[in-house]
1. Just one of (1) touching a strand residue (DSSP E or B) at 6+ places or on another chain (Cβ under 7 Å); (2) closer than 28 Å to Ala60 by Cβ; (3) in a helix (DSSP H, G or I) trips up Val108, so point out which.
2. Can you name the condition, by its number, that Thr199 falls short on among (1) assigned to a strand (DSSP E or B); (2) within 12 Å of the ligand (Cβ to nearest atom)?
3. Return a yes/no flag: does the stretch 161-183 have any residue that is in contact with an Asp or Glu (Cβ under 6 Å, 6 or more places away or on another chain) and either within 11 Å of the ligand (Cβ to nearest atom) or of a type outside the set (Asp, Glu) (or both).
4. Starting from residues that are under 17 Å from the mean Cα position of the chain (by Cα) and open to solvent by less than 50 Å² (accessible area, probe 1.4 Å), keep the ones in the stretch 65-95 and report whichever is farthest from the ligand (Cβ to nearest atom).
5. Does the stretch 149-165 contain at least one residue that is closer than 17 Å to Ala95 by Cβ, open to solvent by 10 Å² or more (accessible area, probe 1.4 Å) and among the small types (Gly, Ala, Ser)?
6. Of the residues Val173, Val198, Val182, which single one is of a type in the set (Val, Ile, Thr), assigned by TED's automatic domain parsing to the domain that holds Asp261 and open to solvent by 30 Å² or more (accessible area, probe 1.4 Å)?
7. Taking the stretch 203-231, which residues are in contact (Cβ under 8 Å) with a residue 12 or more places away in the chain, within 12 Å of the ligand (Cβ to nearest atom) and surrounded by fewer than 20 Cβ atoms within 10 Å (Cβ to Cβ)?
8. Just to verify a result, which residue in the stretch 236-251, among those that are modelled with pLDDT of 90 or more and part of a helix (DSSP H, G or I), is least open to solvent (accessible area, probe 1.4 Å)?
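The values are calculated or read from the model by the stated rules, or taken from the named source; none is laboratory data. Everything numeric in this text was worked out from a predicted model, so none of it was measured. Here the Cβ positions follow ideal geometry from the backbone for every residue, glycine too, while neighbour counts run over all protein chains shown. Each accessible area value is taken on the protein alone, full model and side chains, heavy atoms only, with ligands, DNA and RNA left out. Shrake-Rupley method; radii C 1.70, N 1.55, O 1.52, S 1.80 Å.
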Amino acid sequence: MTSAPPTSNPPSSSVPSSSRPLAGRNAVVTGSTSGIGLGVARALAAAGASVTLNGLGDAAGIEAIRAGLAAETGVAVRHSAADMRRPEDIAAMIADAEGALGPVDILVNNAGIQFVAPVESFPLDRWDDIMAINLSATFHATRAVFGGMKARGWGRIINTGSAHALAASPFKVAYVAAKHGVMGLTKVVALEGAEFGVTCNTICPGYVWTPLVEQQIDDQCKVHNKSRDEVIRDILLAPQPTKRFVTVDEIGALAVFLAGDAARSITGTALSVDGGWIAR
Ligand code: NAD
């Protein structure tokens, strides 16, 4: 017997074929003056979305990134210097982005830091900063856009998790705890947004070659008393079966897909881009 589709399903719209599938969308990408966030911002802008960048760095360097991205893609690109440790900065960043470019359709919670130390000597200020930037900022930014997305019946919240949102490694107690927390948040937001056209997912990269990893190599050299090459081979890429770093372009391409209409049924989940790490 063939059963009819549930009557509550709307007619499926066609998948946009344009090379600018996100034209008219407005995105905010936290932690996007460098690394993965910049790669995601570049991919979203190339797909047609206007973008508010966020992140720290010297003003001239950030302005060069902003202007370069705008020239490269032809979309509006702004920058917010909001400190992701400060809830009031985050609320102001969203209000400013909406005032300048319209309602936020796509929020990418990407800002993150790392620190590597044994539990018993893990510095308290590092714990607090990692929790604030990697976990609490995701809540604060989501909280600021979520009501509007629900009211408009469309929204995409994409979090940058990590393989460490799904599995642990020693010496990363704050990072692993925060990233697991992001997965919990992802599931709740997905459930609350599900009937309103708002999805929430977490991309879980393995090791991606970025400044954050560069700093970890130094930290791991000290903790393990190993050389740089030994740390890359024996520690960083040891759990990554492909034995190569993930690229920021690979993460950007997935973010564009998740931000599109074809991904409307993907919500509340972790999407691993980790060279097979989590398959072990
Ligand atoms: P990165 O150091 O290259 O970039 C981090 C970005 O966050 C920068 O733009 C920085 O200015 C910004 N930032 C840091 N502190 C901030 C603050 N207080 N307020 C505002 N912005 C702040 O790092 P990345 O490797 O691109 O990491 C980006 C995200 O990807 C993080 O959430 C990280 O945990 C995650 N991640 C990275 C890897 C990897 O291998 N690089 C793997 C898995 C997950």
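1. (3)
2. Unmet for Thr199, out of (1) assigned to a strand (DSSP E or B); (2) within 12 Å of the ligand (Cβ to nearest atom): (2).
3. yes
4. Among those residues, the one meeting the criterion is Ile94.
5. Scanning the stretch 149-165, I find at least one residue that is closer than 17 Å to Ala95 by Cβ, open to solvent by 10 Å² or more (accessible area, probe 1.4 Å) and among the small types (Gly, Ala, Ser), so the answer is yes.
6. Val173
7. Within the stretch 203-231, Trp209, Pro211, Leu212, Val213, Gln215, Ile217 meet the criteria.
8. It comes out as Ile251.
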